[in-house]
1. Give me the extension gain from A74 to I132: residue separation times 0.36 nm, minus the current Cα-Cα distance, reported in nm with one decimal.
2. Select from A44, A90, A156 the residue whose mean-square fluctuation is largest in a Gaussian network model of the chain (Cα-Cα springs shorter than 10 Å).
3. Compute the angle between helix 140-165 and the longest alpha-carbon principal axis of the chain, please, reported from 0 to 90 degrees and rounded to the nearest 10.
4. Show me the three semi-axes of the equivalent ellipsoid for the chain, from the C-alpha gyration tensor (sqrt of 5 times each eigenvalue), largest first, rounded to whole Å.
5. Suppose each label sits 7 Å from its Cα in the direction of the beta carbon; what would the A7-A89 distance come out to in nanometres?
6. Roughly how compact is region 32-117, stated as its Cα Rg over 2.2 N^0.38 Å to two decimals?
Amino acid sequence: MPVNKTAMEFVDVQDGQFTVEGCLVTPVAPQLVWEVLTDYEGLARTYSTVLESHSRLINKQRHVLQKCRWEFLAFSGSFDTQLAVSEEAAAGRLVFRQLQSSFMRNFEGRWQVDALPAGGCTARHTLSVTPILSPPAILEGPTRSMFASQVERLLADLEAELARRYPQAGN
């Protein structure tokens, strides 16, 4: 069975949109990873950047309301966001799209969970963010690093939650 392994795949910036992709390889079964990812009321327990999380159905569409923590250089704070959730369980695809935020112009968080032949799975996360205020060119490097570290932290938090919930999986 595979051991946990995290890797960053790429960082890209186009038209003010920052895109980062990372991947966690885990011995935990795909359906159990899916359970953690879709535990919308428990997202604040799983992810250190989520302070509060609530979910509700609006016109048959899942909405998640979150209060999130941000850090950039010596600054930090929190912001509220409302996300629409699209679940494709059979395909292992979960997408969070911003409906409303005071911090971001556009946001999409995409998870892809795929089984591995030897057991376990990969959980790939793609984060695409366009901040409300585009950083000046001199801050593009630190901004890229901030979003990359955010994806690394999400994957590390997911890994820790999987180990907490499913210690028998050999995390």
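Read-outs throughout are calculated quantities, based only on the coordinates presented, and are distinct from any laboratory measurement. None of the values given here were measured: they were computed from a predicted structure. Here the Cβ positions follow ideal geometry from the backbone for every residue, glycine too, while neighbour counts run over all protein chains shown.
1. That pair, A74 and I132, stretches by 19.0 nm at full extension.
2. Looking only at A44, A90, A156, the largest GNM fluctuation is found for A90.
3. Helix 140-165 and the main axis of the chain meet at about 30 degrees.
4. Calculated on Cα positions only, the semi-axes equal 26, 19, 15 Å.
5. Here the modelled spin labels are 3.0 nm apart.
6. 1.15
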